[in-house]
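Let me begin by presenting the structure, written as structure tokens, before commenting on it.
The values are calculated or read from the model by the stated rules, or taken from the named source; none is laboratory data. Treat the numbers as computed from the prediction; the structure is a model and nothing was measured. When we count neighbours, we look across all protein chains shown, and the Cβ atoms used for this are built from the backbone with ideal geometry, even at glycine.
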Amino acid sequence: MSTLPLRTVRAVCPHDCPDTCGMTITVRDGRAVELRGDREHPFTRGFLCQKVAPYLERTYHPERLKWPMRRTGPKGAGQFERISWAEAIDTIARRFRGIAASVDGPQAILPYSYAGTMGKLQGSSLDRRFFHRLGASLLDRTICATAGAAGCDITLGTRAVVDPESVVHSRYIINWGSNTRVTNSHLWALMHQARQAGARLVTIDPYRTPTAQASDWWLAIRPGTDAALALGLMHVIWRDGLQDDDYLERYCLGAPQLRDRALSEYPPERVAAITGLPPADIERLAREYATIRPALIRLNYGLQRHGGGGMAVRTITCLPAIVGSWREVGGGALLSTSALYPFNSAQLERPDLIPPGTRTINMVQLGEALLGRLPPPPIRALFVYNANPAAVCPDQQRVLQGLRREDLFTVVLEQFPTDTTDYADIVLPATTQLEHFDIHGSYGHCYVQVNEPAIAPLYEAKPNTEVFRLLARAMGFEPELFEVSDEELARQALQAPAHGRAFPPARAFDGITLEQLRAEGPMRLRLPRPFLPFAQGGFPTPSGKCELYSPRLAAAGLDPLPNYTPPHEDPQTRPDLAARYPLQMLSPPAPSFLNSSFVNIPQLRRAAGRPTLEIHPIDAQSRGIVDGQRVRVFNDRGSFTARAKVAETVRPGVVVTLGIWWNKYTADGVNCNSTTSSRLTDLGGGATFFDNLVEVTAEPE
Ligand SMILES: Nc1nc2c(c(=O)[nH]1)N[C@H]1C(S)=C(S)[C@@H](COP(=O)(O)OP(=O)(O)OC[C@H]3O[C@@H](n4cnc5c(=O)[nH]c(N)nc54)[C@H](O)[C@@H]3O)O[C@H]1N2
Ligand SMILES: Nc1nc2c(c(=O)[nH]1)N[C@H]1C(S)=C(S)[C@@H](COP(=O)(O)OP(=O)(O)OC[C@H]3O[C@@H](n4cnc5c(=O)[nH]c(N)nc54)[C@H](O)[C@@H]3O)O[C@H]1N2
Ligand SMILES: [Mo]
């Protein structure tokens with residue numbers, strides 16, 4: 001046993017999850033020996049999820065990428081040889097300089113990143129600066145949240161936000177397209193507390209998730225029809241006089257027009273036909289929502305991933321204004337708290353460096369981009385970091401076909417040999433959160449946190465920021481832009497930009513310094529307590545009101561009122577397609593994975609079992625499928641296999657497969673995204689993963 005003293009370091013879970021937990025790490029002799037949830041963090045309250053509790057296994061995983069490598073085998077085979085950092089950086093810089101100087105120009109280079117880390121520095125700082133300075137194509141990061149952001153923005157002028165800690169005061173909680181118990185477990189703990197104080201929990205989800213199971217009432221809505229349900233609730237509320245006229249008159253725009261639409265077009269019988277919910281349930285939900293107070297809607301991402309996802313969020317976020325629940329602590333609606341953080345992204349990312357006229361490529365359409373289906377120039381180089389597109393992108397067959405292009409130069413900066421690194425020409429090893437410095441906001445609470453490195457980088461791994469410093473140096477870019485330390489970047493991030501808008505609250509960082517964060521740990525944003533941003537209107541929309549009627553949508557030639565937009569692939573509106581592919585497939589994440597992260601941790605992979613397909617007994621029987629049988633799931637885009645789980649955990653007509661498996665850990669080398677579509681949402685250009693018609697057949701063993 002070593003006699004060296006133990007050191008405790010404060011860290012932050014970096015993964016793409018609203019909880020952004022505080023962690024404490026014990027270090028002995030340069031090695032992290034214990035990691036736990038920060039007991040003093042007001043939201044983490046000392047516990048971590050099943051994925052992050054064994055996080056040391058991830059950091060010390062034997063399959064960590066250890067040094068830079070060059071491809072030696074065919075693309076996709078994952079065969080590499082070790083090279084030095086100097087050679088790797090020089091190779092990339094030479095290729096980038098060559099492409100930038102060619103007729104195609106620098107826009108033939110595409111960065112591809114998402115939220116592998118949510119840290120402001122390792123997530124979006126010098127990387128953006130580098131690609132902006134280079135003049136590369138811009139990436140529209142739409143794979144997760146932009147449909148809801150756009151929908152909320154139309155109604156509220158910002159994200160639907162309340163202080164998540166106020167949930168303990170709620171007495172009626174609707175988990176709407178939100179698997180809170182799994183995807184936001186620290187908020188679930190507060191919901192549970194509210195329930196013990198008498199709150200009712202309702203879950204609206206086509207799938208009987210752990211959240212639905214633990215709720216008082218599960219409403220198994222037909223996928224993609226949430227806007228119709230919300231309009232049906234409005235119908236009942238206005239018909240029965242349950243609305244808050246005072247709030248509507250003072251703080252809302254267009255209540256009479258929306259009332260007319262709801263009353264004339266969305267009676268419960270019609271809504272029942274669209275949503276598949278009994279009229280009596282629609283009546284009861286409306287009555288309870290409008291009369292049991294305070295009522296909170298936790299709306300999340302499930303309902304956004306459909307063709308009409310933007311409009312669905314726009315519509316649902318009208319409800320709190322109609323019943324006046326923004327007035328109450330524990331009322332309102334919560335999508336994300338991210339808009340409360342006035343991080344100075346412009347200073348970190350330097351969008352002023354972007355050459356005028358630079359094009360933007362939607363990340364959901366990576367397949368199209370790589371296969372030259374978008375206007376020129378062609379993509380000749382791809383630089384992937386903080387993302388695993390070979391597994392998580394829709395329309396996977398096209399993505400993989402693009403990644404296999406011999407003339408594509410692909411760099412992947414990663415911690416592990418993922419499905420995407422298998423296609424790299426150059427692999428660069430990245431540090432994990434224990435090995436680098438960062439600063440974090442959150443999209444599910446109101447604290448700012450600093451992540452101190454607990455240990456030195458393992459092997460030859462480097463933080464993302466350091467990799468872009470090296471690349472900038474090799475490209476001959478201005479030192480004053482790139483020779484900036486991580487600490488200096490953190491200070492820049494905390495310099496809230498001056499602006500005259502209400503969101504983000506410009507003074508939320510007042511009194512929050514890097515020194516204090518380091519000395520004292522997590523600090524709450526400077527927000528009033530209780531935080532009731534819309535109790536008296538004050539919506540950051542152009543009119544300053546909650547825009548039930550949207551002049552902006554009207555000016556754009558769109559429907560200015562909330563409405564139901566059917567999914568792209570819905571048996572009701574696409575009987576032609578449903579004749580071949582009658583089942584609506586949802587593919588939300590498994591509890592032991594975080595998107596495709598953690599699939600390579602043996603203990604968590606065992607917990608997930610193997611790829612399964614949950615199918616209703618009626619749908620199974622008509623296809624001769626029995627429980628445990630191997631099935632093929634397919635449509636025109638592709639197919640994958642899974643084990644059938646015949647159960648009433650889904651409504652008839654819907655199938656569910658939990659993801660997101662790495663392709664290489666599946667029986668036939670492809671996951672569910674071989675069937676998902678790259679079509680976009682109505683607003684925000686978002687992904688439509690759950691808007692996906694398939695057929696299922698029994699497979700021979
Ligand atoms: N354990 C774990 N936690 C995570 C993640 C993870 O992968 N694993 N991912 C993180 C990330 S990146 C995100 S974006 C969030 C996502 O957080 P959530 O939005 O809570 O997660 P999802 O499971 O994608 O979707 C929620 C539910 O929506 C349902 N759903 C699908 N279509 C519809 C619909 O049309 N209407 C309704 N009402 N419901 C529908 C799905 O069945 C699913 O149960 O979670 C974060 N937290
Ligand atoms: N079918 C289906 N597809 C989906 C979804 C779904 O529900 N169903 N969910 C979608 C959603 S909500 C999202 S957000 C996307 C997520 O898609 P991605 O953002 O690609 O998320 P992950 O799959 O978690 O992959 C993140 C990668 O970043 C790496 N990483 C972590 N930290 C660092 C770092 O510091 N440096 C570097 N260089 N790398 C790092 C991790 O090792 C991991 O491989 O997937 C989407 N895809
Ligand atoms: Mo996400």
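What tally of residues in region 642-680 results from selecting those that are within 13 Å of ligand 1 (Cβ to nearest atom) and touching a His at 6+ places or on another chain (Cβ under 6 Å)? Outline the logic, then answer.
Here is the first cut: in region 642-680, the ones within 13 Å of ligand 1 (Cβ to nearest atom) are 649-651, 653-661, 672, 676.
Subsequent filtering for residues that are touching a His at 6+ places or on another chain (Cβ under 6 Å) retains 650.
Count: 1.
May I ask you to say which residue of Arg95, Arg129 is in contact with a helix residue (DSSP H, G or I) (Cβ under 7 Å, 6 or more places away or on another chain) and either in the same structural domain as Phe409 (by TED's automatic domain parsing) or within 15 Å of Phe383 (Cβ to Cβ) (or both)?
Details: Arg95 fails: in contact with a helix residue (DSSP H, G or I) (Cβ under 7 Å, 6 or more places away or on another chain).
The conditions single out Arg129.
Any idea which of Phe409, Phe383 is away from ligand 1 (no atom under 16 Å from the Cβ), surrounded by 18 or more Cβ atoms within 10 Å (Cβ to Cβ), outside the structural domain of Val313 (by TED's automatic domain parsing) and farther than 22 Å from Thr117 by Cβ? Even if it seems obvious, please write down each step before you answer.
Details: Phe383 fails: farther than 22 Å from Thr117 by Cβ.
Matching residue, one of Phe409, Phe383: Phe409.
Report the residue count in region 646-697 for those that are among the acidic types (Asp, Glu) and without any contact (Cβ under 8 Å) to a residue 40 or more places away in the chain. Full working, then the answer.
Let us first name the residues in region 646-697 that are among the acidic types (Asp, Glu), namely 648, 668, 682, 691, 695.
Retained after the next criterion (residues that are without any contact (Cβ under 8 Å) to a residue 40 or more places away in the chain): 668.
Qualifying residue count, region 646-697: 1.
Hey, does region 368-386 have a residue that's at positive phi, at pLDDT 95 or above and under 20 Å from the mean Cα position of the chain (by Cα)?
Scanning region 368-386, I find at least one residue that is at positive phi, at pLDDT 95 or above and under 20 Å from the mean Cα position of the chain (by Cα), so the answer is yes.
Do we find that Leu134 is away from ligand 2 (no atom under 16 Å from the Cβ), of a type in the set (A, V, I, L, M, F, W, C), at pLDDT 95 or above and in the same structural domain as Phe468 (by TED's automatic domain parsing) in this structure?
Working: away from ligand 2 (no atom under 16 Å from the Cβ): yes; of a type in the set (A, V, I, L, M, F, W, C): yes; at pLDDT 95 or above: yes; in the same structural domain as Phe468 (by TED's automatic domain parsing): yes.
In short, yes.
Residues in region 93-112: is at least one under 21 Å from Ser596 (Cβ atoms) and within 12 Å of ligand 2 (Cβ to nearest atom)?
First, pick out the residues of region 93-112 that are under 21 Å from Ser596 (Cβ atoms): 110-112.
Then keep just the ones that are within 12 Å of ligand 2 (Cβ to nearest atom); that gives 111-112.
There is at least one residue in region 93-112 that is under 21 Å from Ser596 (Cβ atoms) and within 12 Å of ligand 2 (Cβ to nearest atom).
Quick one: which helices (runs of 4 or more DSSP H) lie wholly within region 334-430 and hold at least 3 residues that are out of contact with any Ser or Thr (no Cβ under 6 Å at 6 or more places or on another chain) and closer than 24 Å to Leu470 by Cα?
Values: elements: 345-349, 366-370, 389-392, 396-403.
Where helices (runs of 4 or more DSSP H) fall fully within region 334-430 and carry at least 3 residues being out of contact with any Ser or Thr (no Cβ under 6 Å at 6 or more places or on another chain) and closer than 24 Å to Leu470 by Cα, they are 345-349.
Residue check: is Gln536 assigned to a helix (DSSP H, G or I) and modelled with pLDDT of 95 or more? Please lay out each step first, then the result.
Details: assigned to a helix (DSSP H, G or I): no; modelled with pLDDT of 95 or more: yes.
No; evaluated as a whole, the condition is false for this residue.
Got a sec? Which of Phe477, Phe531 is under 30 Å from Val412 (Cβ atoms) and part of a loop (DSSP other than H, G, I, E, B)?
Details: Phe531 fails: under 30 Å from Val412 (Cβ atoms).
Of Phe477, Phe531, the one residue that is under 30 Å from Val412 (Cβ atoms) and part of a loop (DSSP other than H, G, I, E, B) is Phe477.
If you check every pair at least six apart or on different chains, which have Cβ atoms under 6 Å apart with a residue in region 431-452 that is among the small types (Gly, Ala, Ser) first and a residue that is away from ligand 1 (no atom under 16 Å from the Cβ) second?
Note: pairs meeting the criteria are Gly441/Tyr341.
Since Ala212 meets every condition but one in (1) within 16 Å of ligand 1 (Cβ to nearest atom); (2) touching a residue at least 40 places away in the same chain (Cβ under 8 Å), which condition does it not meet?
So the condition that Ala212 fails would be (2).
Within region 158-167, does at least one residue satisfy the condition of being away from ligand 2 (no atom under 14 Å from the Cβ), in the same structural domain as Asp352 (by TED's automatic domain parsing), assigned to a helix (DSSP H, G or I) and over 18 Å from Glu466 (Cβ atoms)? Give the derivation first.
Start the filter on region 158-167 by keeping residues that are away from ligand 2 (no atom under 14 Å from the Cβ), which leaves 158-167.
Still in the running and in the same structural domain as Asp352 (by TED's automatic domain parsing): none.
No, region 158-167 contains no residue that is away from ligand 2 (no atom under 14 Å from the Cβ), in the same structural domain as Asp352 (by TED's automatic domain parsing), assigned to a helix (DSSP H, G or I) and over 18 Å from Glu466 (Cβ atoms).
So, of the residues in region 298-324 that are within 11 Å of ligand 1 (Cβ to nearest atom) and not in a helix (DSSP H, G or I), which turns out to be surrounded by the most Cβ atoms within 10 Å (Cβ to Cβ)?
His306
Within region 39-152, which helices (runs of 4 or more DSSP H) (wholly inside it) include 1 or more residues that are touching a residue at least 40 places away in the same chain (Cβ under 8 Å) and either of a type in the set (Ser, Thr, Tyr) or in contact with a Cys (Cβ under 6 Å, 6 or more places away or on another chain) (or both)?
Numbers: elements: 55-59, 85-101, 120-123, 126-134.
Correct list: 55-59, 85-101.
Quick one: would you say Gly73 is surrounded by 19 or more Cβ atoms within 10 Å (Cβ to Cβ) and within 26 Å of Gln396 (Cα to Cα)?
Details: surrounded by 19 or more Cβ atoms within 10 Å (Cβ to Cβ): no; within 26 Å of Gln396 (Cα to Cα): yes.
No.
Specify which of the listed residues (Phe640, Phe690) is under 23 Å from Pro617 (Cβ atoms), in a loop (DSSP other than H, G, I, E, B), assigned by TED's automatic domain parsing to the domain that holds Ser592 and within 14 Å of ligand 2 (Cβ to nearest atom).
Numbers: Phe640 fails: in a loop (DSSP other than H, G, I, E, B).
Testing whether each residue is under 23 Å from Pro617 (Cβ atoms), in a loop (DSSP other than H, G, I, E, B), assigned by TED's automatic domain parsing to the domain that holds Ser592 and within 14 Å of ligand 2 (Cβ to nearest atom) leaves just Phe690.
Take Thr418 and tell me if it is surrounded by 23 or more Cβ atoms within 10 Å (Cβ to Cβ) and within 16 Å of ligand 1 (Cβ to nearest atom). Working first, answer last.
Details: surrounded by 23 or more Cβ atoms within 10 Å (Cβ to Cβ): yes; within 16 Å of ligand 1 (Cβ to nearest atom): yes.
So Thr418 fits the description; yes.
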